[in-house]
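Before any comments, here is the structure.
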Amino acid sequence: MKQTITQRGYDRLLIVFAGWGCDAAVVGEISAEGYDTLVVSDYRSQEFDDSRLAPYSEIAVIAWSFGVIAAARFLAERPALPLTLAAAVNGTLHPVDDTLGIPRAIFDGTLDALDERNLMKFYRRTGFGGESAAIAARMDIDALRDELRAIDGLTGPLFEAWDIAFVSTDDRIIPTENQRRAWEMTSTPVVTLDTPHLPPLQAIAKDLLVDKRLVRQRFGCSATTYNDNASVQRTIAEHLCKKLPDRPLGDILEVGSGSGLLTRELLKRRPSSFLAIDLNAAEIDGQPVDAADAEVFMTRQAPERFDTIVSASTMQWFNSPRRFAERVRRALRPGGTAILSTFGPDNFAELKGLAPRRRYLSADRWRSILPDAVTEEEHIELLFETPADVLRHIKLTGVNAIRQGSHAEALRLLRNYPRRSDGRCSLTYHPIFIILQK
């Protein structure tokens, strides 16, 4: 495998597995705030320099086209990676298959007839447009043939726990329906793109990956105003407290302590031990809160370490809430309880199309991920006199959904924010509660 790294001084790494015949120069620069980027290409060999991964506390993977099968093999061989996201883009775990990938006849025909002219046609069909001829001209045809043969021959265990799969409706390389069929077999959520085989990978990376430095900054700035304005979050914390088991809570882990809305109630139960973590270090009524990225923290926990794990209004800031929940289950002792809350797709529904939003999982999706858990949902509507009051509320609680510095977006939101018939403005919260017994 060829590896091209762009180092920006971060301790998080985004690995992009490129498609066949596409290296870092071909796919272009792909970056995400807070992450170094490593582009992997040329799958003639599966050798990889794992020392490149050692400096990173968190790893996210976006795999495109035939890079999906290469990434699946790569991740299966490295189950201990601190992985927080695995996204597949226009590829499947069955690269050459009549119903789940590229049909065998088309693949073999491409291999047999591969020359510069046909390669240029391939790049055009992929979506490179006017760049196709120049890309094809600098490629080594024999090396590309060998790479196709190597991809066709990939065997062994494959990683199947993908967080999301993107499928393009105008894919002229891997049939769209084959991709859909393949991902349905793994119960992976599918998002449809109205693009050719080559989608805007940079936009996908920006959409999927959380800038946790910015999250930490925003909540840090709202520390003195949060409790007076976070009425919904207070209601959620109270609801979670009611779900606590009627038994000694033992060794507790609280994820995302924030301003202590839930922490104080947990301390009243006199746990055997209490470990609280948050992106921002703090102290709540004498209880220290350790600064930690919860997704990374959970990758390092020994099995069956805690009796009780609680988290209120935090999981929506993770790259993969699903992967976090699975690690929570692993860290619970037998008989232990996890009580978690996040938000569903109707959260901040009024902002749809007006500002960037997180990609939330539905309650039904959570039920399929954790079928043995109890999953509940609510809709809570807050009313404000003006759109400016809505934005002020969002800012004072730290849950700002608008990118930093996007003043023009804020103005557009103020002009276009929907109003009720009485002239007031609503803001919808969609909390989801998950109670998991082990």
Of 281-287, 261-267, ordering from highest average Cβ density within 10 Å down gives 261-267, 281-287
Karplus ³J(HN,Hα) for the stretch 162-174 (6.51 cos²θ - 1.76 cosθ + 1.60, θ = phi - 60°; Hz, whole; x = Gly/Pro) runs 7, 7, 7, 10, 9, 10, 8, 6, 10, 7, 9, 10, 10
Heavy-atom accessible area per residue of the chain, all protein chains kept, 1.4 Å probe, expressed in Å², is 43 Å²
Non-local residues with an amide H under 5 Å from the amide H of Lys2, with H modelled 1.01 Å from N and Pro and chain starts lacking one, are Ser41, Asp42
Taking a ≥ b ≥ c as the square roots of the Cα gyration tensor eigenvalues, with a/c under 1.5 meaning rounded and otherwise prolate when a/b beats b/c or oblate if not, the stretch 154-307 comes out prolate
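Could you give the size of the charge dipole of the stretch 1-105 about its Cα centre, using +1 on the Cβ of each K and R and -1 on the Cβ of each D and E, expressed in debye and rounded to the nearest 20?
120 debye
If you put +1 on each Lys and Arg Cβ and -1 on each Asp and Glu Cβ, how big is the dipole of the chain around its Cα centre, in Debye rounded to 20?
1000 debye
Once R0 is set to 60 Å, what does the formula 1/(1 + (r/R0)^6) return for the Cβ-Cβ distance between Arg419 and Asp98, expressed as a FRET efficiency to the nearest 0.05?
Working: r = 54 Å, r/R0 = 0.89.
With a Förster radius of 60 Å, E is 0.65.
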Put Cys425, Cys241 in order of accessible area, largest first, probe 1.4 Å, and you get Cys241, Cys425
If one compares the long axis through the Cα atoms of helix 321-331 with the longest principal axis of the Cα atoms of the chain, the angle in degrees, nearest 10, works out at 70 degrees
Whole-Hz Karplus couplings 3J(HN,Hα) for the stretch 291-297, θ = phi - 60° and coefficients 6.51, -1.76, 1.60, Gly and Pro as x, run 6, 7, 7, 4, 4, 5, 4
Long-range amide H partners of Val96, meaning residues 5 or more apart or on another chain whose placed amide H is closer than 5 Å, are Ile102
In whole µm²/s, the translational diffusion coefficient that Stokes-Einstein assigns to the stretch 247-379, given a Kirkwood hydrodynamic radius over C-alpha pairs, 20 °C and 1.002 mPa s, equals 137 µm²/s
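Would you rank Asp23, Asp11 by solvent-accessible area, highest first, keeping every protein chain in place and using a 1.4 Å probe?
Asp11, Asp23
Summarise the accessible area of the chain (1.4 Å probe, protein heavy atoms) by the percent that is carbon and sulfur.
Answer for the chain: carbon and sulfur cover 49 percent of the accessible area.
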Expressed in square angstrom to the nearest 10, the accessible area of Met185 with a 1.4 Å probe stands at 120 Å²
Going residue by residue through the stretch 279-289, the Karplus relation 6.51 cos²θ - 1.76 cosθ + 1.60 with θ = phi - 60° gives ³J(HN,Hα) values, rounded to whole Hz and with x marking Gly or Pro, of 4, 10, 5, 6, 9, 10, 6, x, 8, x, 10
Taking placed amide H atoms and a strict 5 Å upper bound, the residues 5 or more places from Phe66 or on another chain that come that close are Trp20
Under the 7 Å Cα-to-Cβ spin-label approximation, Arg181 and Thr6 lie apart by a distance in nanometres of 3.7 nm
Under a 1.4 Å probe, counting only protein heavy atoms, Glu238 has an accessible area in Å², nearest 10, of 100 Å²
Extension length gain for Asp23 and Asp108 (0.36 nm per residue less Cα distance), in nm, is 28.3 nm
Accessible-area order for Ser51, Ser132, largest to smallest, probe 1.4 angstrom, reads Ser51, Ser132
In nm, the gap between the two label points placed 7 Å beyond Cα toward Cβ at Leu411 and Val374 is 5.1 nm
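Run through every distinct alpha carbon pair of the stretch 27-146 and return the Kirkwood hydrodynamic radius in angstroms, one decimal place.
Every distinct Cα pair counted, the radius reaches 16.3 Å.
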Heads up, the chain by the C-alpha gyration tensor (a ≥ b ≥ c square roots of eigenvalues; a/c under 1.5 rounded, else a/b over b/c prolate, else oblate) looks prolate
Tilt, helix 141-152 to longest principal axis of the chain (alpha-carbon atoms), in degrees rounded to tens, equals 50 degrees
Full extension between Ala134 and Glu283 adds, at 0.36 nm per residue less the Cα distance, a length in nm of 47.7 nm
So, with points 7 Å from each Cα along the Cβ direction, the Lys243-Ser231 label distance in nm works out to 2.3 nm
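The values are calculated or read from the model by the stated rules, or taken from the named source; none is laboratory data. Given the structure is predicted, the values throughout are model-derived calculations rather than measurements. Cβ: placed from backbone, ideal geometry, glycine included. Neighbour counts: every protein chain shown. Surface areas here come from the heavy atoms of the whole protein model, side chains and all, with no ligands, DNA or RNA. Shrake-Rupley method; radii C 1.70, N 1.55, O 1.52, S 1.80 Å.
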